[in-house]
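I have placed the structure first, in the form of structure tokens, so that the comments after it can refer back to it.
The values are calculated or read from the model by the stated rules, or taken from the named source; none is laboratory data. These numbers come from a predicted model, not from an experiment. Cβ sites come from the backbone with ideal geometry, for glycine too, and all protein chains shown count toward neighbours.
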Amino acid sequence: MGMPPSSRAPERLIALRGNVWLARGAGVAGVVAAGAMLVALFLPFVRQDCAGCSASYVSWLPVGRLVVSPDAGVLIWIAALVAVTSVGRLLDIGVRWTALAGVCLALAALALAIFEGVAAFPRVLSVATLPLGMTSLPVSYGLESGYYLFLGGAVLAVVAGAMMLVARPGVASVLSPRLLESPRTAVTLGWACVAALAVAFAGLFAPFAQLACYYGCPAGVVHPGSYSGSVIGGPGGWTILAALAAAALATSRWLASHRTSQGSALGALVLGLVLQVLISFQMANAATLVLGWPFSIPTSRGLGSALLLGGSGAAVLLALLMLTCTYRLQAKAGEARARSVATVRPP
């Protein structure tokens, strides 16, 4: 004989509470993993070694960071999307697809972390210095804190993605469902999205990249960083400007429609994703597309790249929340109409 329903209730309550903490823990772990991967981009990733050299000489040997790698745009893109999917899980937005996307992105981050570690020279450490008196020598190098932090963040992201798949939907939201049904919240999200796009717009005119080739600079380059430029001066600048204007127009139309236009919110989301792709492509080819060199040269990122990538990334997250608000406001309006019809209908 089965247990009476009253005796099963405490077990169900315990299971529900455990599922809530599992879902929320997955979201928090995903956000922490994304933050760790983003921080790792700016830490020393690989350093050239020199066996038998003095410590003072070794301290002058080149150090490579992931942020100057040709894969930096892809790595930032993946880490940002891991953060977006984790926040979506915390808000119970598109739970099933966010969990699946989180797992796929985490596996991609883990694969890239291993790849960057194996190919650290010359992919991340693009230049090497020969010891004094030597004309040729196999370059030896050691992995630094940036590699281990990025690898740890990727592993944590995989664990968080697995937890998202296991947790049931509808139990993790850290916000009250009514909060996303509030017109005031919707207005705040819309204007915040406009502000994020304004930040990205400012990044168009800030220094986007500068040369960082050190001893590998072509003839005529006297000092690393003597050549720098903004995106707006390159051939792709006007395309990014047009995408920014279109995203701002879609967001403004959504605000003007009293937050009920699904097409405008979806358009802002899609245009934000397009911006991320365009900016990442500019970062991967900064020497040729931004600085105008006829061939690829190692570059370092400037303030403009941070503003563009950060502003457009925030706009993507806000547009996703705007779309969620639209659905919930429409559902709330539909329920109100149904109640009014039921009230006036004669018995």
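Quick notes on this structure:
Okay, residues lined up against (1) in contact with a Cys (Cβ under 9 Å, 6 or more places away or on another chain); (2) closer than 20 Å to residue 77 by Cα; (3) at pLDDT 85 or above:
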residue: 264; (1), (2), (3): no, no, yes
residue: 268; (1), (2), (3): yes, yes, yes
residue: 274; (1), (2), (3): no, yes, yes
residue: 278; (1), (2), (3): no, yes, yes
residue: 284; (1), (2), (3): no, yes, no
residue: 292; (1), (2), (3): no, no, no
residue: 296; (1), (2), (3): no, no, no
residue: 299; (1), (2), (3): yes, yes, no
residue: 303; (1), (2), (3): no, yes, yes
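For every residue, the table says whether it meets (1) under 22 Å from residue 152 (Cα atoms); (2) of a type in the set (Val, Ile, Thr); (3) modelled with pLDDT of 85 or more.
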residue	(1), (2), (3)
5	no, no, no
12	no, no, no
38	yes, no, yes
79	yes, no, yes
98	yes, yes, no
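- Every residue from the stretch 40-75 that is among the aromatic types (Phe, Trp, Tyr) and modelled with pLDDT of 75 or more: 42, 45
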